[in-house]
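Q: Have a look at the structure that comes next, please.
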Amino acid sequence: MTQPRICLIVARGRNGVIGSDGDLPWRLSSDLKHFKAVTSGKPIIMGRKTWDSLPRRPLPGRLNIVVTRQADFIAEGGQVAGDLTAALAHALAQAHLDEVDEVFVIGGAQIYAAALDHAHRLYITEVDAEPDGDVAFPAIDASAWAEVSRTVCEAGAGDDHGFVCRVLERV
Ligand code: VY7
């Protein structure tokens, strides 16, 4: 297989906000299903704060890689990497072994900021909301990315807001 693609997956408000007080700023059951469908079976990389925020650890059916500078950090059910470069190397090696074509950076803000330069594809859920929060997705250079897919989702049961699932690829 060719080199697996490095992908970021995120849900962000119109104001860029992705989190508030260590949690998501909304309840979006349909987006969690989308997230699970897109990432299942593929390695996922996250920052330590995102790992701590998960209601269930590890996310099942995927290699979970946690980035932290804490040399003694233990991620039960996951793997630990000391920086993003090491995490990407591990994820790409596993993707080759598993013959999957994508690895995912799933957040949060610090890891997205570091990973954006490495990314080939962005899965962005544009949430129809402008929530208060303390962490945001980094600004992206619109001229560097082309939209290849767009799916509009009305708010269903368990969704606080409607949203649009977009896929962008680096030009
Ligand atoms: C991570 C959860 C958070 C709260 C409740 C359940 C997009 C999302 C992320 C990260 C949503 C999370 C979950 C959902 C996934 C389930 C396990 C339970 C699974 C992201 N678009 N949406 N995120 N889980 N990076 N991008 O909220 O998880 O996948 O098995």
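The values are calculated or read from the model by the stated rules, or taken from the named source; none is laboratory data. Not measured: the values here are computed from a predicted model. All Cβ positions, glycine included, derive from the backbone under ideal geometry; neighbour counts span all protein chains shown. Remember, those area values only see protein heavy atoms, side chains included, never the ligands or the DNA or RNA. Shrake-Rupley method; radii C 1.70, N 1.55, O 1.52, S 1.80 Å.
Q: Taking residue 92 as the residue in question, decide whether it is more than 16 Å from the ligand (Cβ to nearest atom), open to solvent by 80 Å² or more (accessible area, probe 1.4 Å) and outside any loop (DSSP other than H, G, I, E, B).
A: On the way: more than 16 Å from the ligand (Cβ to nearest atom): yes; open to solvent by 80 Å² or more (accessible area, probe 1.4 Å): no; outside any loop (DSSP other than H, G, I, E, B): yes.
It is false that residue 92 is more than 16 Å from the ligand (Cβ to nearest atom), open to solvent by 80 Å² or more (accessible area, probe 1.4 Å) and outside any loop (DSSP other than H, G, I, E, B).
Q: Moving on to the next point. In the range 16-30, how many are near the ligand (Cβ under 9 Å from one of its atoms) and either buried (at least 16 other Cβ atoms within 10 Å of the Cβ) or without any contact (Cβ under 8 Å) to a residue 24 or more places away in the chain (or both)?
A: Taking the range 16-30 first, the residues near the ligand (Cβ under 9 Å from one of its atoms) are 18, 23-24, 27-29.
Okay, now just the ones that are also either buried (at least 16 other Cβ atoms within 10 Å of the Cβ) or without any contact (Cβ under 8 Å) to a residue 24 or more places away in the chain (or both), so 18, 24, 28.
Number of matching residues: 3.
Q: If we scan the range 132-154, do we find a residue that is assigned to a helix (DSSP H, G or I) and open to solvent by 50 Å² or more (accessible area, probe 1.4 Å)?
A: Applying the first criterion (assigned to a helix (DSSP H, G or I)) to the range 132-154 yields 142-144.
So of that shortlist, the ones also open to solvent by 50 Å² or more (accessible area, probe 1.4 Å) come out as 142-143.
Yes, the range 132-154 has at least one match.
Q: Only one of 117, 72 is among the acidic types (Asp, Glu) and either closer than 24 Å to residue 165 by Cα or assigned to a strand (DSSP E or B) (or both); which?
A: On the way: 72 fails: either closer than 24 Å to residue 165 by Cα or assigned to a strand (DSSP E or B) (or both).
Exactly one residue qualifies, and that residue is 117.
Q: Residues that are out of contact with any helix residue (DSSP H, G or I) (no Cβ under 9 Å at 6 or more places or on another chain), open to solvent by 80 Å² or more (accessible area, probe 1.4 Å), within 15 Å of the ligand (Cβ to nearest atom) and assigned to a loop (DSSP other than H, G, I, E, B): does the range 38-59 have at least one?
A: Checking the range 38-59: at least one residue is out of contact with any helix residue (DSSP H, G or I) (no Cβ under 9 Å at 6 or more places or on another chain), open to solvent by 80 Å² or more (accessible area, probe 1.4 Å), within 15 Å of the ligand (Cβ to nearest atom) and assigned to a loop (DSSP other than H, G, I, E, B).
Q: May I pose another question? Open to solvent by less than 30 Å² (accessible area, probe 1.4 Å), polar (S, T, N, Q) and within 16 Å of the ligand (Cβ to nearest atom): is that true of residue 68 in this structure?
A: Numbers: open to solvent by less than 30 Å² (accessible area, probe 1.4 Å): yes; polar (S, T, N, Q): yes; within 16 Å of the ligand (Cβ to nearest atom): no.
Taking the combined requirement at face value, the residue does not satisfy it.
Q: Those residues that are farther than 19 Å from residue 59 by Cβ and touching a helix residue (DSSP H, G or I) at 6+ places or on another chain (Cβ under 6 Å), I need them from the range 86-135; list them, please.
A: 114, 135
Q: Taking into account only those residues within the range 71-81 that are farther than 18 Å from residue 104 by Cα and open to solvent by 60 Å² or more (accessible area, probe 1.4 Å), which is nearest to the ligand (Cβ to nearest atom)?
A: 76
Q: Within the range 155-171, count every residue that is without any contact (Cβ under 8 Å) to a residue 60 or more places away in the chain and either open to solvent by less than 40 Å² (accessible area, probe 1.4 Å) or hydroxyl-bearing (Ser, Thr, Tyr) (or both).
A: 4
Q: Out of (1) within 13 Å of the chain's Cα centre (by Cα); (2) in a helix (DSSP H, G or I), the odd one out for residue 18 is which?
A: It is condition (2) that residue 18 fails.
For (1) closer than 17 Å to residue 15 by Cα; (2) away from the ligand (no atom under 14 Å from the Cβ); (3) among the polar types (S, T, N, Q), each residue gets a yes or a no:
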residue	(1), (2), (3)
108	yes, no, no
116	no, no, no
126	yes, no, no
143	no, yes, yes
146	no, yes, no
153	no, no, no
156	no, yes, no
160	yes, no, no
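Q: Kindly list the number of the only condition in (1) among the polar types (S, T, N, Q); (2) in a helix (DSSP H, G or I); (3) more than 28 Å from residue 131 (Cβ to Cβ) that fails for residue 3.
A: Here residue 3 meets the rest and fails (2).
Q: Ok, one more. Which numbered condition in (1) in contact with an Asp or Glu (Cβ under 9 Å, 6 or more places away or on another chain); (2) crowded, with 16+ Cβ neighbours inside 10 Å is the only one that residue 84 fails?
A: If we test residue 84 against (1) in contact with an Asp or Glu (Cβ under 9 Å, 6 or more places away or on another chain); (2) crowded, with 16+ Cβ neighbours inside 10 Å, just (1) comes out false.
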